[in-house]
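The values are calculated or read from the model by the stated rules, or taken from the named source; none is laboratory data. Just so it is clear, the structure is predicted and the values come from calculations on it, not from any experiment. Every residue, glycine among them, receives a Cβ derived from its backbone with ideal geometry; neighbour counts consider all protein chains shown. Note: areas computed on protein heavy atoms with side chains; ligands, DNA, RNA excluded. Shrake-Rupley method; radii C 1.70, N 1.55, O 1.52, S 1.80 Å.
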Amino acid sequence: MKMVSAQEAVAAIKDGSVIMIGGFMSNGTPEILIDALIEKNVKDLTIIANDSGTPGTGIARLLEANLVKKMIASHIGLNPMAGQMMHDGIIEMQLVPQGTLVEQIRAGGAGLGGVLTPTGLGTEVAAGKEVLEIDGKQYLLEKPLKADFALIRGSVADEKGNVYYKATTRNFNPVMATAAETVIVAAEEIVPVGELQPELIATPGIFVDYLVGGEPHVG
């Protein structure tokens, strides 16, 4: 694990990369890493996230900068631009039930071949997907999701990359940190090793490749 600047952390992200971004309506989204991506002007990104942020925050800023080619997300209703871009064919939008999305990411991180769920049977969600019958019940096979990079926001991290998430910033961040080739954490605070109580650590440092300080504090 290396402690670097935001610009150094995203240096390897190239046009066409697949990126998971933590957060729930931008709560828990690493804004300084979004800043660095916009500055780098990488394009044609595939973003895997719970949502498309809200106007002026989080992932919405990547959409506003026309850096996104495809999104895999659960909810875009709080960002009118995302819906308009989908309608106009500017971006490809794959909408996934929220529980299914997080389990696909978890499966990717755990090395599983997929997850079985009844959610989406008989709807557009099931189009083109395999249906399996288990003990007389039908399930969709949802394949695992992985990414080239995961951009994570931590409330407090120590100098070995162990991460604590405050309150609801925990949302998608810990599971995404297991499912990407390169994991970048932007932390509100970095403390010496030993200052974090072990039971508070949600992402062990073994998952973290780069740690960036200076993420703005949230309430």
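See the values below:
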read-out: Filtered residues of the range 169-201 (kept if of a type in the set (Ser, Thr, Tyr) and within 20 Å of ALA11 (Cα to Cα)); value: THR182
read-out: Given (1) under 14 Å from the mean Cα position of the chain (by Cα); (2) open to solvent by less than 30 Å² (accessible area, probe 1.4 Å); (3) at pLDDT 95 or above; (4) not hydrophobic (A, V, I, L, M, F, W, C), number of the condition LYS70 does not satisfy; value: (2)
read-out: Tabulated pairs, the range 1-17, first free of Cβ contacts under 8 Å to residues at least 60 places away in the same chain, second open to solvent by 60 Å² or more (accessible area, probe 1.4 Å), C-beta under 6 angstrom, 6+ apart or interchain; value: ASP15/LYS43; ASP15/ASP44; GLY16/ASP44
read-out: PRO97 touching a Ser or Thr at 6+ places or on another chain (Cβ under 8 Å) and either among the charged types (D, E, K, R) or touching a residue at least 12 places away in the same chain (Cβ under 8 Å) (or both); value: yes
read-out: Hits in the range 127-174 - residues which are surrounded by fewer than 23 Cβ atoms within 10 Å (Cβ to Cβ), assigned to a helix (DSSP H, G or I) and at pLDDT 95 or above; value: PRO174
read-out: Hits in the range 8-49 - residues which are exposed (fewer than 15 other Cβ atoms within 10 Å of the Cβ) and either under 25 Å from PRO204 (Cα atoms) or aromatic (Phe, Trp, Tyr) (or both); value: GLU8, ALA11, ALA12
read-out: Pair list, Cβ under 7 Å, 6 or more apart: the range 119-141 residue of a type in the set (Val, Ile, Thr), other residue assigned to a loop (DSSP other than H, G, I, E, B) and loosely packed, with under 10 Cβ neighbours inside 10 Å; value: none
read-out: Residue check, LYS40 modelled with pLDDT of 95 or more and farther than 28 Å from VAL156 by Cα; value: no
read-out: Residue list for the range 179-194, restricted to those being over 11 Å from ALA147 (Cβ atoms) and in a loop (DSSP other than H, G, I, E, B); value: PRO192, VAL193, GLY194
